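Chemist: One structure, pasted below without further comment.
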Amino acid sequence: MRQILRMALHEYTRHVLRRRFVIALLMPLFMIVFISAILTVIITLVDQSDRGAIAYVDPVGALSQASAPADALNTFVRVGSIDEARAMLRDGTAIAAYALAPDFGATRSAELIFWERRPSRDVERAFERFAATSLLADQPPEIRQRIIEAPSFTFESSDGTRVTDEIGLIAGFVIPIVLGILFIVALFSGAQYLMQAVIEEKENRTMEVIVTSISPLQLMSGKVLGLAGVGLTQVVTWTSALLIALSLASQRLPFLKAVRVEPGFIAVALLMFVLEYLLFAALMGAIGSLVTSAKDGQNLSGPLVLLAMTPEFFIPVFFIAPNGPIAVGLSLFPLSAPLALLLRYAAAPVPIWQVLLAMALLAASVVGALWLASRVFRIGMLEYGRRVSLKTVWEGLRG
Amino acid sequence: MDSVISVSGLRKSFGAAEAVKDVSFEVHKGEIFGLLGPNGAGKTTTIRIILDLFKPDAGHAHILGGPMTEAKKPRIGYLPEERGLYRDLKLEDCLVYLAELKGVPRDVARKRALAYFERFDLVEHRRKKVNDLSKGMQQKAQLIATLLHQPDVLIIDEPFSGLDPVNTRLAQELLIEERRRGTTLIMSTHQMHQVEEMCDRIVLIHQGRSVLYGGVDEIRRSHAENAVRLVARGDIPALPGVTDGGLKGNTRTLRLAPGLSPQTVLQQLAGTPGLLIESFELALPTMDDIFVSVVGGNGSTARAAD
């Protein structure tokens, strides 16, 4: 065990200190900071362009200044004529103007007038709200409130464990989907490291020296554990950065406040990811033992990558039937389990027994894959410069 | 004699290619054993079978009293022909790590490595990446990696390749010291003068078979013709039963008729007036000559006294 841990530590530090790893680790962080900065600038600009007076021509006196909300971004200025409103738009003292029809009382018709750029939908909503408040001034406040505010729905899962509103329903997808993408990126890049390392060490005979010190199973276990540590470092760093960015951004974007961040879910997701990483790394290590170049390895690893990504192709199915046979099947199949569970979790609560079963199956697959990888490694490690046929592997495994 | 390695009737094929056909030998405790043969003879395959990197098709290879096991690995040092160091690691870190995998505590490994670095003039280079070292330095580093865990058995493939004469001498001394410490060495090499200087016994493998096996001195004697080599000043007289075998440098070879002993010839020459004998020795063939004659011939099995 000591040798396995020593090897794992060696593999971990060797990869983590590489320049290309540091760049790969920091790149998404830069992206998060960059995107956050861009969003902040855009939101600030939009806010500023939406702030200002809205002029309105009200020939019949339908609207009342008393109905204007006190804390709004906009003020509402009644003007005598359309020409006056146009003058305000021209000299920038108003951002939009409305001309109420002379028969506004009967038709509720008004004309929007703007200069150069149509105001945002928020500006239009602000005026509509002001108009509605004015027109409903004689109603009791609660009636007025119910008419002006859109109806809101509360969604509750059949098992009662999840209650959310409309925004929360959509926002619930954010964390699982983003985490899924991060996992996939970390998984594939990390597994590529391992495959590459096995190919290189096989070619430069380091393997030959190592295998006269420890067993192939110890070697594979150490390498896979070390690489899993590398993957975990990536994902924990990215997830932390994402959560921090989310928390900062939600101060400006109320929508993001509805994003669920449940520590239990994040912990289960990380655990599933580590198991998936171990499984993938062991399989890629086995492939690395069989081939002589990274290109050959990529050809062989293609089907594995496809299987791991299968849930992505079934995203609509996960939303329509998160507990249907396809979604459940994919979340129990070890290679696709983590991503499938993330997507199911985004859509609906997942029965705990299925999570535990998926985890158990994945853990058992890791043990099996490590055994397989060590056997395949034993068969393939000394076939320098030669690609090992699957027939040879099969005969070796049976022998 | 205690046998540390015992190889018997070894056979190994890769597809249609038969790499080892019939190899047998034993290595005794505390000796330096030469594993010789031309390129492609099957030496490396034999070594890999001994180390359990390959399984033989037939025969057996026992080490330290039985088949290779995980428990025996820390007692064995292996230097492959093509170097097996992590090129992107710093020299010291790489060697310490490899020693740790053999079960040596890190601080002990570091201390031992430093002592070897001083001896091999590598102290200044210990923080450099292996990749940035010269070929000779890498070879020295590889040798150190093989010795750091103080193995009982050393299996070394071409240990002097890439070394200059000074470092070759140093490496040679180191291996002889190891032997004194009680280590058993199997050395595969093409440098026959090293074999003569260092090896107690050898096996010569040719086309997958062991064709020559035994003590170096016995093999040389068994391949010697009845001749002497002489360095002398003055004219060498014609002696009955003696023919001139030619002059090479200042050394003359004299071929003796069957039954005529070198002792008799020496007495006759010593009594010749005006002839000053500077050296007189039996004309034993070099291992190089024997290698060429065996490998260049039909490769039939020869066996000297064990």
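Any read-out appearing in this document is the output of simple, stated calculations on the displayed coordinates, not a laboratory observation. Small disclaimer: the values here were computed from a predicted structure and weren't measured. All Cβ positions, even for glycine, are placed from backbone atoms using ideal geometry, and neighbour counts span all protein chains on display.
Chemist: Just counting partner chain Cβ atoms within 10 Å, what average do the residues of peptide A:91-100 show around their Cβ?
Modeler: Across A:91-100, the average partner-chain Cβ count within 10 Å equals 0.
Chemist: Right, another one. So how many Å³ per residue does the convex hull of the Cα atoms of chain B work out to?
Modeler: Normalising the Cα hull of chain B by residue number yields 162 Å³.
Chemist: Based on a Kirkwood Rh over C-alpha pairs, give the Stokes-Einstein translational diffusion coefficient of the stretch B:225-282 at 25 °C and viscosity 0.890 mPa s in µm²/s.
Modeler: 216 µm²/s
Chemist: Which of these, B:Asp244, B:Asp52, B:Asp288, has the largest mean-square fluctuation under a Gaussian network model of chain B (Cα springs below 10 Å)?
Modeler: Result: B:Asp244 has the largest fluctuation of those listed.
Chemist: Rounded to the nearest 0.05, what FRET efficiency do B:Glu225 and B:Arg181 have when you use their Cβ-Cβ distance and R0 = 30 Å?
Modeler: The formula returns an efficiency of 0.15 here.
Chemist: Between A:Leu136 and A:Ala37, take the C-beta separation as r, use R0 = 41 Å, and let me know the FRET efficiency to the nearest 0.05.
Modeler: Once rounded, the FRET efficiency stands at 0.45.
Chemist: Further question on the same structure: Only bridges with both residues in chain A count here: give the DSSP antiparallel percent, nearest 5.
Modeler: Just about 40 percent of them are antiparallel.
Chemist: Please report the antiparallel percentage of DSSP beta bridges with both residues in the stretch A:49-150, rounded to the nearest 5.
Modeler: So the antiparallel bridges in the stretch A:49-150 amount to around 25 percent.
Chemist: Which lysines, on any chain, are close to B:Lys111 with Cα under 21 Å apart, when same-chain ones fewer than 8 places away are left out?
Modeler: Result set, ordered by chain and number: B:Lys90, B:Lys102, B:Lys128, B:Lys129, B:Lys140.
Chemist: How large is the helix-only mean residue ellipticity at 222 nm for the protein assembly as shown, computed as the sum of -39500 (n - 2.57) over DSSP H runs with n ≥ 4, divided by its residue count, in deg cm²/dmol to the nearest 500?
Modeler: Per the formula, -17000 deg cm²/dmol.
Chemist: For the stretch B:264-292 and the stretch A:24-42, what is the separation of their C-alpha centers, rounded to whole Å?
Modeler: Taking the Cα centre of each part, the stretch B:264-292 and the stretch A:24-42 sit 87 Å apart.
Chemist: Which FRET efficiency value, to the nearest 0.05, do you get for B:Lys111 and B:Gln172 by plugging their Cβ-Cβ distance into 1/(1 + (r/R0)^6) with R0 = 35 Å?
Modeler: 0.90
Chemist: Quick one: B:Thr183, A:Thr107, fewest Cβ neighbours within 10 Å first, how do they rank?
Modeler: With the fewest neighbours first, B:Thr183, A:Thr107 line up as A:Thr107, B:Thr183.
Chemist: To the nearest whole number, what is the average tally of beta carbon atoms from other chains within 10 Å of the beta carbons of peptide B:50-63?
Modeler: Taking all residues of B:50-63 together, the mean is 1.
Chemist: Averaged across the residues of A:11-22, what count of C-beta atoms belonging to other chains lies within 10 Å of each residue's C-beta?
Modeler: For this peptide, the per-residue mean of nearby foreign Cβ atoms is 1.
Chemist: With +1 on the Cβ of every Lys and Arg and -1 on the Cβ of every Asp and Glu, and nothing else charged, how large is the dipole of chain B about its Cα centre, in debye rounded to the nearest 20?
Modeler: Approximately 680 debye in magnitude.
Chemist: Once you order the gyration tensor axes a ≥ b ≥ c over the Cα atoms, which shape class does the stretch B:64-112 get: rounded for a/c under 1.5, otherwise prolate or oblate by comparing a/b with b/c?
Modeler: Oblate is the answer for the stretch B:64-112, as a/c is 1.5 or above yet b/c matches or exceeds a/b.
Chemist: Taking the Cα-to-Cβ direction at B:Arg233 and at B:Lys55 and moving 7 Å from each Cα, how far apart do the two end points lie in nm?
Modeler: About 7.0 nm separates the two model spin labels.
Chemist: Right, next: Once both labels are modelled 7 Å past Cα along the beta-carbon direction, what's the B:Gln268-A:Thr44 spacing in nm?
Modeler: 11.2 nm
Chemist: Can you tell me which lysines have their Cα less than 16 Å from the Cα of A:Lys202? Leave out same-chain residues fewer than eight positions away.
Modeler: A:Lys223, A:Lys295
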